[in-house]
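Only one structure is covered here, and it is reproduced in the block below.
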Amino acid sequence: AYHDNLTGLANRTRMEEDVQKAILQAEAEGHKVAVGLIDLDHFFNINEILGHKMGDRVLALFAEKLRAIPELQKGLYRWGGDQFVFLVDRVTDVEQIRGLATMLMELIRLPMEIEGEKVHVTCSAGIAVYPEDGSNLDEIVGQADRALNYAKKQGRFNYKFAADLPKKAFYQHQLSIRNHLVEAIERRLIEPYFQPIVEASTHRIIGMEALARWPETNGLGKVGPDSFIPLAESMGLISDLGRTVLEKSLAYHALLKKQGHDLELSVNISRRQLFSSDLPRVLSTMVADAGLNPWDVILEITESIAMLEVENATARLLELHQSGFRLAIDDFGTGYSTLAQLHEMPVDEIKIDRAFVQRINTGEGYRILQAITGMASALGLTMVAEGVEDETSLGKLEDLGVHSIQGFYFSPPVDAGQFTRLLAQGPSSK
Ligand code: C2E
Ligand code: CA
Ligand code: CA
């Protein structure tokens with residue numbers, strides 16, 4: 001009842017008992033207890049794409065790696081799934097635990113050998129300490145879990161302590177950003193930047209993605225879309241923001257068209273926009289007002305939004321598609337779509353997430369991309385690779401049948417003026 005067969009580690013029941021005992025003992029003897037939650041990064045993809053057998057091998061090897069760390073030998077548990085727990089009792093100095101966590105990350109970054117292949121698997125960890133972060137099992141584990149989520153939000157493959165969780169200063173800054181953001185959206189200060197989308201075979205610019213930027217006009221420092229987009233969304237302002245970005249982008253697109261450039265314009269549609277009932281009508285009007293056609297525009301919906309509420313989303317996507325818009329699944333590979341689901345959606349294009357593109361030079365990463373591109377071409381979807389930063393990746397993607405490329409290799413997102421200059425340069429010599 002205390003044992004996990006796959007990894008040979010103790011299980012969660014055992015962990016809970018041990019943590020409770022360690023806390024009681026620490027209370028009596030006046031020292032600390034550290035509890036760390038470890039979660040494999042993107043394990044779902046390993047399982048789905050390389051198969052469950054491979055997934056099990058990875059978990060077992062991962063457990064073996066953890067067991068090789070002397071300090072962890074007695075306090076290691078499998079929580080379940082791809083989550084593990086470590087327990088260190090009789091801690092006198094929390095710095096010891098930081099050292100341990102750093103070592104863990106170093107060890108994990110070394111590839112595993114599976115059937116002669118090197119497989120890179122990383123993990124994230126959240127750590128809480130008794131008595132600072134809580135007084136009992138539930139509180140400590142809860143805080144470790146919050147720290148783990150924070151580590152993942154900060155980009156994965158790192159660890160955070162519960163003590164690192166953002167506190168008051170952070171909230172004050174956030175509050176000030178919120179107030180400024182309301183104003184910036186009302187005054188339509190948000191500007192689209194444009195990133196070229198380049199045809200893989202000719203290196204010609206065939207499209208552009210509009211990406212929102214908040215010009216630095218406020219003493220708050222640079223606030224990027226990864227912060228202000230979710231914020232606008234949570235404040236109910238994303239539709240206004242989206243409308244400004246879209247209007248400005250359509251106007252620019254129309255201008256380019258007059259100059260003889262017939263590009264595709266890709267815009268990001270947030271969850272709230274997608275599910276607002278007047279989106280098809282609003283979009284159609286805006287496009288017509290700009291003198292453009294709906295098929296000039298590709299609407300990007302992230303995979304997680306499309307797949308979390310498949311039925312609702314499919315109905316909305318159908319409506320948009322019938323209005324003439326083209327549809328792309330953004331951040332493809334990070335969500336949980338299955339081939340069957342994708343097949344039922346009126347999707348024209350997938351944008352392969354940067355995380356995959358950037359692992360193309362590992363054997364495992366390449367195989368994942370082979371699986372993705374194989375599936376997409378079987379479904380007749382246009383494939384766009386995001387986050388292409390070098391020539392080697394570009395070549396490999398072209399070989400895999402990817403149609404277009406977006407990434408710093410050609411250009412980062414730039415303002416309209418610079419974009420026009422890029423167009424004037426003609427096909428990139430790169
Ligand atoms: P996204 O839609 O996945 O956009 C691609 C992101 O990848 C952009 O980040 C772009 O600058 C970045 N990128 C492009 N090429 C490379 C590369 O070679 N290497 C690396 N490391 N990064 C690259 P950005 O502009 O910071 O936007 C972040 C996210 O914010 C977007 O991700 C999108 O989800 C959201 N967003 C931006 N503008 C809008 C908008 O107008 N409306 C909505 N709803 N979301 C937006
Ligand atoms: Ca996008
Ligand atoms: Ca994307």
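The values are calculated or read from the model by the stated rules, or taken from the named source; none is laboratory data. In this text the structure is predicted, and so the values were computed from the model without any measurement. We place every Cβ from the backbone using ideal geometry, glycine too, and count neighbours over all the protein chains shown. Keep in mind that these areas ignore ligands, DNA and RNA; they rest on the heavy atoms of the full protein, side chains included. Shrake-Rupley method; radii C 1.70, N 1.55, O 1.52, S 1.80 Å.
Of all residues in region 343-359, those satisfying the criterion of being within 16 Å of ligand 3 (Cβ to nearest atom) and either open to solvent by 50 Å² or more (accessible area, probe 1.4 Å) or within 20 Å of the chain's Cα centre (by Cα) (or both) are Glu349, Ile350, Lys351, Ile352, Asp353, Arg354, Ala355, Phe356, Val357, Gln358, Arg359. When the criteria are applied in full, Arg156 fails the requirement of being assigned to a helix (DSSP H, G or I) and under 30 Å from Phe44 (Cα atoms).
Residues that are more than 20 Å from Ile23 (Cβ to Cβ) and either without any contact (Cβ under 8 Å) to a residue 24 or more places away in the chain or open to solvent by 40 Å² or more (accessible area, probe 1.4 Å) (or both) within region 78-94 comprise just one, Gly81.
Residues that are open to solvent by less than 20 Å² (accessible area, probe 1.4 Å) and of a type outside the set (Phe, Trp, Tyr) were ranked within region 143-167; the one that is farthest from Met15 (Cα to Cα) is Ala151. Of the residues in region 164-187, none is in contact with a strand residue (DSSP E or B) (Cβ under 8 Å, 6 or more places away or on another chain) and either touching a residue at least 24 places away in the same chain (Cβ under 8 Å) or more than 30 Å from Ala26 (Cα to Cα) (or both).
Just checking, does region 287-296 include any residue being more than 21 Å from the chain's Cα centre (by Cα), closer than 21 Å to Thr382 by Cα, free of Cβ contacts under 8 Å to residues at least 40 places away in the same chain and in a loop (DSSP other than H, G, I, E, B)? Yes, region 287-296 contains at least one residue that is more than 21 Å from the chain's Cα centre (by Cα), closer than 21 Å to Thr382 by Cα, free of Cβ contacts under 8 Å to residues at least 40 places away in the same chain and in a loop (DSSP other than H, G, I, E, B).
Which residue is farthest from Ala251 (Cα to Cα), if the candidates are limited to region 379-396 and must be touching a helix residue (DSSP H, G or I) at 6+ places or on another chain (Cβ under 7 Å) and of a type in the set (A, V, I, L, M)? Applying the filter and picking the extreme gives Leu379. Being open to solvent by 10 Å² or more (accessible area, probe 1.4 Å) and in contact (Cβ under 8 Å) with a residue 40 or more places away in the chain is a property that Thr362 has. Checked against (1) aliphatic (A, V, I, L, M); (2) away from ligand 2 (no atom under 16 Å from the Cβ); (3) in a helix (DSSP H, G or I), Ile229 meets all criteria but (2).
Those helices (runs of 4 or more DSSP H) of region 312-396 in which at least 2 residues are closer than 30 Å to Ala288 by Cα and away from ligand 1 (no atom under 13 Å from the Cβ), considering only elements entirely within it, cover 339-344. Residue-level analysis places Ser227 outside the set of residues that are under 24 Å from Glu319 (Cα atoms), in contact (Cβ under 8 Å) with a residue 12 or more places away in the chain and not basic (Lys, Arg).
Within region 297-304, the presence of a residue that is open to solvent by 10 Å² or more (accessible area, probe 1.4 Å), touching a strand residue (DSSP E or B) at 6+ places or on another chain (Cβ under 8 Å), assigned to a strand (DSSP E or B) and among the acidic types (Asp, Glu) is excluded. Confirm whether Ser239 is within 11 Å of ligand 1 (Cβ to nearest atom), over 26 Å from Phe356 (Cβ atoms) and not β-branched (Val, Ile, Thr). So Ser239 passes the test.
Matching residues to (1) crowded, with 21+ Cβ neighbours inside 10 Å; (2) without any contact (Cβ under 8 Å) to a residue 24 or more places away in the chain; (3) in contact with a Ser or Thr (Cβ under 7 Å, 6 or more places away or on another chain); (4) acidic (Asp, Glu):
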residue	(1), (2), (3), (4)
Asp18	yes, no, no, yes
Gln25	no, no, no, no
Gly30	no, yes, no, no
Val33	yes, no, no, no
Ile38	yes, no, no, no
His52	no, yes, no, no
Ala60	no, no, yes, no
Arg67	no, no, no, no
Pro70	no, yes, no, no
